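The values are calculated or read from the model by the stated rules, or taken from the named source; none is laboratory data. None of these values were measured; they are calculated from a predicted model. Here the Cβ positions follow ideal geometry from the backbone for every residue, glycine too, while neighbour counts run over all protein chains shown. To get the accessible areas, we keep the full protein, side chains included, count just its heavy atoms, and leave off ligands, DNA and RNA. Shrake-Rupley method; radii C 1.70, N 1.55, O 1.52, S 1.80 Å.
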Amino acid sequence: LYSSITYTVYEQFVRTEVLDGAEVSDEELWESYQKTNMEENMFVFSYLDGETADMGTSYMLYPVRGLLALVIVLCSLALGLYFMQDEQNGIFIRLPLNRTVLGSVLYQMPGLVDVGLVVLLALFFSGVAIGPLTELGLMFVYLWMVAGFSDLVRRLCKKQVRLGALIPMLVLIMLAVTPIFMGAPNMKWLQLLLPPYYYINALHSNAYRI
């Protein structure tokens, strides 16, 4: 990978740190470089429980689970906007779903189930899924968690305009704080409020393992 760059680094290191000014031809240095064992992994990833990640999967795919978890939250918040619109249009006059938490959560479930199935397919096709039963159980719990989180945010916002303005901010906060890429260990108090944090850690964290 990037052989021209790695050879330049290798050459500078050998000439300055190893040879200490001794003269070696470029041909000899290149031949030595070619014999160097480059079969080992340049990057090794491990989870919070110490388990080493399968390097058979491209490291570019490791954020997939977190990003897909974020997509589910985004869809749930969008469903909250639709809920507010239906509430304003008087849809719930005869079916008062807006009076109970369970009713508003159930309102989201048909849409969330569709999104959850698509996410599961994406996990399996990308090769980062663990196992069918584990993924289904985790997704079942996560959908209810996200629906409850979205309902709470909707009730706190009270207005469509406020919720619509808050959604991009929430997405950016989750990207920065939850361990999708790097995470923010010093902001554990904020991580505990966000559903993707639990979904990402549910498989490899001793504290949240399912």
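Mind checking which pairs have a first residue in segment 160-188 that is basic (Lys, Arg) and a second that is at pLDDT 90 or above and loosely packed, with under 13 Cβ neighbours inside 10 Å, Cβ under 9 Å, 6 or more apart or different chains?
Once the first residue is basic (Lys, Arg) and sits in segment 160-188, its partners that are at pLDDT 90 or above and loosely packed, with under 13 Cβ neighbours inside 10 Å give Arg162/Leu156.
For residues that are farther than 17 Å from Leu77 by Cβ and open to solvent by 90 Å² or more (accessible area, probe 1.4 Å), scanning just segment 166-183, find the one that is nearest to the chain's Cα centre (by Cα).
It comes out as Phe181.
For segment 87-100: of the residues being surrounded by 14 or more Cβ atoms within 10 Å (Cβ to Cβ) and part of a loop (DSSP other than H, G, I, E, B), which is modelled with the lowest pLDDT?
We begin by selecting, within segment 87-100, every residue surrounded by 14 or more Cβ atoms within 10 Å (Cβ to Cβ); these are 87, 91-92, 97-98.
In the following step, the residues that additionally are part of a loop (DSSP other than H, G, I, E, B) were identified as 91-92.
Values: Ile91: 77, Phe92: 71.
The selected residue is Phe92.
Can you name every residue in segment 149-202 that is touching a Ser or Thr at 6+ places or on another chain (Cβ under 7 Å) and within 21 Å of Tyr107 (Cβ to Cβ)?
The first filter runs over segment 149-202 and keeps only residues touching a Ser or Thr at 6+ places or on another chain (Cβ under 7 Å), leaving 150-151, 191, 194, 196-197, 200.
Answer for segment 149-202, where residues must be touching a Ser or Thr at 6+ places or on another chain (Cβ under 7 Å) and within 21 Å of Tyr107 (Cβ to Cβ): Ser150, Asp151.
Being in a helix (DSSP H, G or I) and surrounded by fewer than 17 Cβ atoms within 10 Å (Cβ to Cβ) is the filter here; which residues of segment 149-165 pass it?
Listed by number, the residues that qualify are Leu152, Arg155, Leu156, Val161, Arg162, Gly164, Ala165.
Listed residues Val119, Val113, Val153; which is touching a residue at least 12 places away in the same chain (Cβ under 8 Å), more than 19 Å from the chain's Cα centre (by Cα) and within 18 Å of Pro195 (Cβ to Cβ)?
Val153
Residue by residue through segment 171-208, note down the ones that are at pLDDT 80 or above, touching a Gly at 6+ places or on another chain (Cβ under 9 Å) and assigned to a loop (DSSP other than H, G, I, E, B).
Thr178, Pro179, Ile180
Of the residues Tyr2, Tyr33, only one is at pLDDT below 55 and over 30 Å from Ala202 (Cβ atoms); which? Write out each step before concluding.
Details: Tyr33 fails: at pLDDT below 55.
The conditions single out Tyr2.
Take the conditions under 21 Å from the mean Cα position of the chain (by Cα) and surrounded by fewer than 17 Cβ atoms within 10 Å (Cβ to Cβ) and apply them to Gly103. Does it pass?
Details: under 21 Å from the mean Cα position of the chain (by Cα): no; surrounded by fewer than 17 Cβ atoms within 10 Å (Cβ to Cβ): yes.
No: the conditions fail for Gly103.
Filter segment 50-86 down to residues that are of a type in the set (Phe, Trp, Tyr) and modelled with pLDDT of 65 or more and give me whichever is farthest from Ser104 (Cα to Cα). Talk me through it step by step, then tell me what you get.
Within segment 50-86, the subset of a type in the set (Phe, Trp, Tyr) is 59, 62, 82-83.
So of that shortlist, the ones also modelled with pLDDT of 65 or more come out as 62, 82-83.
Details: Tyr62: 33, Tyr82: 11, Phe83: 8 Å.
Ranking the qualifying residues of segment 50-86, first place goes to Tyr62.
Would you tally the residues in segment 184-200 being under 18 Å from Val64 (Cβ atoms) and open to solvent by 20 Å² or more (accessible area, probe 1.4 Å)?
Summing the residues that are under 18 Å from Val64 (Cβ atoms) and open to solvent by 20 Å² or more (accessible area, probe 1.4 Å) in segment 184-200 gives 2.
What about Leu19, is it modelled with pLDDT of 65 or more, out of contact with any His (no Cβ under 8 Å at 6 or more places or on another chain) and within 21 Å of Met182 (Cβ to Cβ)?
Values: modelled with pLDDT of 65 or more: yes; out of contact with any His (no Cβ under 8 Å at 6 or more places or on another chain): yes; within 21 Å of Met182 (Cβ to Cβ): no.
For Leu19, the condition - modelled with pLDDT of 65 or more, out of contact with any His (no Cβ under 8 Å at 6 or more places or on another chain) and within 21 Å of Met182 (Cβ to Cβ) - is not met.
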